[in-house]
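Read through the structure below, which is laid out as structure tokens, and then see the notes.
Every number in this text was worked out from the coordinates using simple rules, so none of it is lab data. Computed from a predicted structure; not experimentally measured. Note that each Cβ is placed from the backbone with ideal geometry, even for glycine, and that neighbours are counted across all protein chains shown.
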Amino acid sequence: MVLFATTNAEKVREAQAYLGPSVEHLDYDYIELQSESLSEIATHGANEAFHAAGGDRPVITDDSGIFIDDLGGFPGPYSSYVYHTIGLSGILTLLKKFDSPRAYFRTSIAYCSNEQIVVFEGSIKGTIVDPRGNEGFGYDPIFEYNGKTLAEMDILEKNAISHRGRALAKLASWLENDPVEHRGVK
């Protein structure tokens, strides 16, 4: 059993679809470190959440960002803030003068147990387009990969190719192949 510390239930749903019922939602809003490094932010959050949850079960956190090439990588680690302040329409307004702006999503998932923290990363390249689709959350409706936005994919299709799915695959492999003592089992 691993606790996923986040206030975003959609992230937990994606992790559960990938890792199964061993992922439990810990509705916890850790203090987000201000950094250009997604892994540093995720690591800080995992350590804080691990201690806040009592320190007896492994905890994962996820920090993700969309990096738009034509905007110099903006919004990057500030993606959540930008999404909640200017939204998708604001991003699209910033990109009006660019044809098919390239972007990539990147995720860092930090796993913390018994003071050990391991980070797993994933990324996906795509293009920013006008919103399409009703699945997913956040920037999914405007991020296109191989002709479909992430919001046009069901959760299994998205997990197979997404930034978070790729990081979750690395975490799953590590959990499966690493010794038990590294998984916080006492």
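Just a few scattered comments:
- DSSP-loop trypsin sites (Lys or Arg not before Pro) across segment 90-151, with at most 16 other Cβ within 10 angstrom: 96, 97, 132
- Placing unit charges on each Cβ (+1 for Lys and Arg, -1 for Asp and Glu) gives the chain a dipole about its Cα centre, and among 22, 120, 68 the Cα reaching farthest toward its positive end belongs to 68.
- Dividing the C-alpha radius of gyration of segment 13-73 by 2.2 N^0.38 Å, with N its residue count, gives 1.32.
- Relative contact order computed over the chain (Cα-Cα under 8 Å; 6+ residues apart), in percent: 20
- When DSSP beta bridges are restricted to pairs lying wholly in segment 2-183, around 80% turn out antiparallel.
- Theoretical FRET efficiency, 1/(1+(r/R0)^6), r = Cβ-Cβ of residue 74 and residue 169, R0 35 Å, to 0.05: 0.80
- For the chain, convex hull volume per residue from C-alpha positions, Å³: 102
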